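I have placed the structure first, in the form of structure tokens, so that the comments after it can refer back to it.
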Amino acid sequence: MVQKKKGTKIVILGSADSGKTTTIENLLNRKKEKITKIECKGTTVALDYGNTIINGQRFHIFATPGQERFQFMREILSNGLDGAIVVIDNSEGVTNTDIKILENLNSSNVPYVIFSNKQDISPGKIESTHINPDIPVIPTTATTGEGIQEGLNILLDLMEN
Ligand SMILES: Nc1nc2c(ncn2[C@@H]2O[C@H](COP(=O)(O)OP(=O)(O)OP(=O)(O)O)[C@@H](O)[C@H]2O)c(=O)[nH]1
């Protein structure tokens, strides 16, 4: 039996401490949605998850662990994704983990955007040869919410086209 898809899946990826949990909190708290977190001492060890309705459509949003030892969770959670947000810590620049994530996304047809996060402590443009020039890079500060909703809207537009 073919299962009917219930909603759209967005996955938030990126290196350890780049701000993925803070990003999902910002996206869902403003809509007063509940978030389930599986973490240890503030580090995501499995996932953060919440869902919300946007323009009448249900979105399931997952944030993945950033530490390399949890790469298997990134792979599991990326199964069947419809869109992705890569949160890069602008004060650290593009890490090897980010490069792996970007390479995987660049070789897939999945729409995605990059959040160049922590603009409050490190303003400016992120540079890397691994950043596909066709991919929107949105400057964000997840702690204050700056750029987060705008970035999500850009992703939703890409996913519609
Ligand atoms: N100054 C600043 N700090 C931030 C920003 N976003 C997140 N942080 C801080 O960075 C730290 C890590 O943030 P998290 O959201 O837990 O990062 P994460 O990517 O989910 O971390 P892992 O789950 O361990 O991979 C926390 O202390 C956050 O408060 C930001 O935009 N600016």
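The values are calculated or read from the model by the stated rules, or taken from the named source; none is laboratory data. No experiment lies behind these values; they were computed from the predicted model shown. A quick note on method: Cβ atoms are made from the backbone with ideal geometry, for glycine too, and the neighbour counts reach across all protein chains shown. Quick note on the areas: whole protein, heavy atoms, side chains included, nothing else; ligands and nucleic acids left out. Shrake-Rupley method; radii C 1.70, N 1.55, O 1.52, S 1.80 Å.
Quick notes on this one:
- For the residues PHE115, PHE72, a 1.4 Å probe over the protein chains yields an accessible-area ranking, largest first, of PHE72, PHE115.
- Relative contact order, percent, segment 5-161 [alpha-carbon distance under 8 Å, six or more residues apart]: 25 percent
- Radius 15 Å from Cβ of SER108, net charge of other residues (Lys, Arg +1; Asp, Glu -1): -1
- Taking 0.36 nm per residue of separation and subtracting the current Cα-Cα distance, fully stretching the chain between ILE76 and GLU103 would add 8.0 nm.
- Sorted peptide list for 118-130, 83-95, criterion being average Cβ within 10 angstrom, highest first: 83-95, 118-130
- The count of lysine pairs in the chain whose Cα atoms are under 23 Å apart, excluding pairs fewer than 8 places apart on the same chain, comes to 24.
- Values of log10 I(q)/I(0), in the order q = 0.10, 0.11, 0.21, 0.23 Å⁻¹, for segment 20-107 under a Debye, Cα-only, solvent-free model: -0.26, -0.32, -1.14, -1.32
- Dipole-positive endmost among ALA142, THR8, ASN106 within the chain (Cβ charges, Cα centre): THR8
- Rounded FRET efficiency, nearest 0.05, which uses the C-beta distance separating ILE54 from ILE135 and R0 of 25 Å: 0.75
- Carbon and sulfur %, accessible surface of segment 11-160 computed with the full protein complex present, 1.4 Å: 49 percent
- Working from label points 7 Å from Cα in the Cα-to-Cβ sense, the GLU68 to SER91 distance is 2.3 nm.
- Over the residues of the chain, the helix contribution to mean residue ellipticity at 222 nm works out to -7500 deg cm²/dmol, using -39500 (n - 2.57) for each DSSP H run of at least 4.
- Cβ-based charge dipole, segment 11-160, positive-most Cα from THR97, PRO133, ALA63: ALA63
- Rounded to the nearest 5, the antiparallel percentage of DSSP beta bridges internal to the chain is 40%.
- Of the two radii for segment 11-160, the radius of gyration is 0.92 times the Kirkwood radius, both from the alpha carbons; that is the Rg over Rh value.
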